[in-house]
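**Q** Please find one structure pasted underneath; my questions will follow.
The values are calculated or read from the model by the stated rules, or taken from the named source; none is laboratory data. As the structure is a prediction and not an experimental result, all values here were calculated from the model. So basically every Cβ, Gly included, is an ideal-geometry build from the backbone, and we count neighbours across all protein chains shown.
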Amino acid sequence: MQNALPSAVTREQLYDLLDEYLAALKARDYSKVRWAPFVKNTENNVELMIGDGLWGTITAIGDYDLRFADTASGQVGFFGTVTETVETCAFTLRLGVVDGAIAEAETLVVRQLDAGLVFEPQLFEHNPVLNEIIPEAGRTPRERMIALADGYFDTMERNDGRLFTRFHPTCNRIENGVQTTNNPDFIVPVAGLSCEEQFRLGQYRYDDRLRGRRYPLVDEERGLVLACGFIDHCGRLADYELTDGTRRTSPIRRPHTFYFMEVFKIRDDAIQQIESNFITVPYHMPSPWDAR
């Protein structure tokens, strides 16, 4: 059985449920959450019983708090950090609300102790751009916001130098708490370039499939769209050439998949800011959230 379609809900009600959930999580007491009669709960792309996983290991929730809501679909999203005794992790949460109760909980915890690629230093700084409210006259329609986000993934998947989306001149990207654009100190050579410059170079040729794309939450007031999905790497590509003639060697030479939850800030019909959390999962792992 499934829950009914979401009834009317306000941003304040969604944020209240988010705060209730986070307080209960911090207390390790899932009974303090208003759950719907039927709940779908996942952590790191695996269905879990309520109360399992992070609910039993969390020791703190950090100060970083990026939240956004979609009153039309009854969804609320959150980017923050959690600590599990010795490690602080980037953390993304999506909650689906039906009749004032939580019917869906999708959680991503970036446990770098389990990862092959470590992102550091993780700063988790509050970015005013992501929280700015877009004047009503300048808001991008929901369908266009999704199209710009989806075009970003098309650009990555076909990365031959062509763009299938639009980037704002000030666009930056944060990945697992680290800025990976306009940041020459990061370990990736192209990190010193802008979003658009990286894609025009064809840097991401080794990203073979941008699969299972979902856009469950669109916050038109703040210009934010949440995307979820997978990046598959076949591992077959060895050396390749950027559009400027520079030779590169693919950093991934084995079958490999990232599962991501990513938020895009849309302003002036372009992507202004990107924040992404992702982890390695088994190659070509399916999503529990795929329609059946």
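**Q** Of the conditions (1) in contact with a strand residue (DSSP E or B) (Cβ under 8 Å, 6 or more places away or on another chain); (2) at negative phi, Gly177 clears all except one; give me its number.
**A** (2)
**Q** What residue, of Phe167, Phe199, Phe124, Phe153, is at pLDDT below 95, of a type in the set (Phe, Trp, Tyr) and surrounded by 14 or more Cβ atoms within 10 Å (Cβ to Cβ)? Break it down stepwise before answering.
**A** On the way: Phe167 fails: at pLDDT below 95; Phe199 fails: at pLDDT below 95; Phe153 fails: at pLDDT below 95.
Going through Phe167, Phe199, Phe124, Phe153 in turn, just one is at pLDDT below 95, of a type in the set (Phe, Trp, Tyr) and surrounded by 14 or more Cβ atoms within 10 Å (Cβ to Cβ): Phe124.
**Q** Given the condition small (Gly, Ala, Ser) and at pLDDT 95 or above, answer yes or no: does some residue in region 1-21 qualify?
**A** Filtering region 1-21 for residues small (Gly, Ala, Ser) gives 4, 7-8.
From the residues that got through so far, the ones that are at pLDDT 95 or above too are none.
There is no residue in region 1-21 that is small (Gly, Ala, Ser) and at pLDDT 95 or above.
**Q** So, one more: Go through (1) over 17 Å from Asp150 (Cβ atoms); (2) outside any strand (DSSP E or B) for Phe199 and report which single condition fails.
**A** (1)
**Q** Additional query: If you go through region 253-286 one residue at a time, how many are part of a loop (DSSP other than H, G, I, E, B) and closer than 29 Å to Glu221 by Cα? Steps first, please.
**A** Looking only at region 253-286, we keep the residues that are part of a loop (DSSP other than H, G, I, E, B), and these are 253-255, 268-269, 282-286.
Now drop any that are not closer than 29 Å to Glu221 by Cα, which leaves 268-269.
Qualifying residue count, region 253-286: 2.
**Q** Restrict the check to region 45-57 and report whether at least one residue is outside the structural domain of Arg214 (by TED's automatic domain parsing) and under 17 Å from the mean Cα position of the chain (by Cα).
**A** Narrowing region 45-57 to residues outside the structural domain of Arg214 (by TED's automatic domain parsing): 45-57.
Now restrict to residues that are under 17 Å from the mean Cα position of the chain (by Cα): 45-46.
For region 45-57, residues outside the structural domain of Arg214 (by TED's automatic domain parsing) and under 17 Å from the mean Cα position of the chain (by Cα): present.
**Q** Considering every residue within region 179-196, establish whether at least one is assigned by TED's automatic domain parsing to the domain that holds Thr249, touching a helix residue (DSSP H, G or I) at 6+ places or on another chain (Cβ under 9 Å), assigned to a strand (DSSP E or B) and under 29 Å from Leu242 (Cβ atoms).
**A** Checked region 179-196: at least one residue is assigned by TED's automatic domain parsing to the domain that holds Thr249, touching a helix residue (DSSP H, G or I) at 6+ places or on another chain (Cβ under 9 Å), assigned to a strand (DSSP E or B) and under 29 Å from Leu242 (Cβ atoms).
**Q** If I go through region 236-252 residue by residue, how many of them are in a loop (DSSP other than H, G, I, E, B), surrounded by 14 or more Cβ atoms within 10 Å (Cβ to Cβ) and not small (Gly, Ala, Ser)? Break it down into steps so the answer makes sense when it comes.
**A** Residues of region 236-252 that are in a loop (DSSP other than H, G, I, E, B), as a first pass: 236-238, 242-246, 250-252.
Then drop every residue that is not surrounded by 14 or more Cβ atoms within 10 Å (Cβ to Cβ), which leaves 237, 242-243, 250, 252.
Among the residues that remain, those that are also not small (Gly, Ala, Ser) are: 237, 242-243, 252.
Number satisfying all stated conditions: 4.
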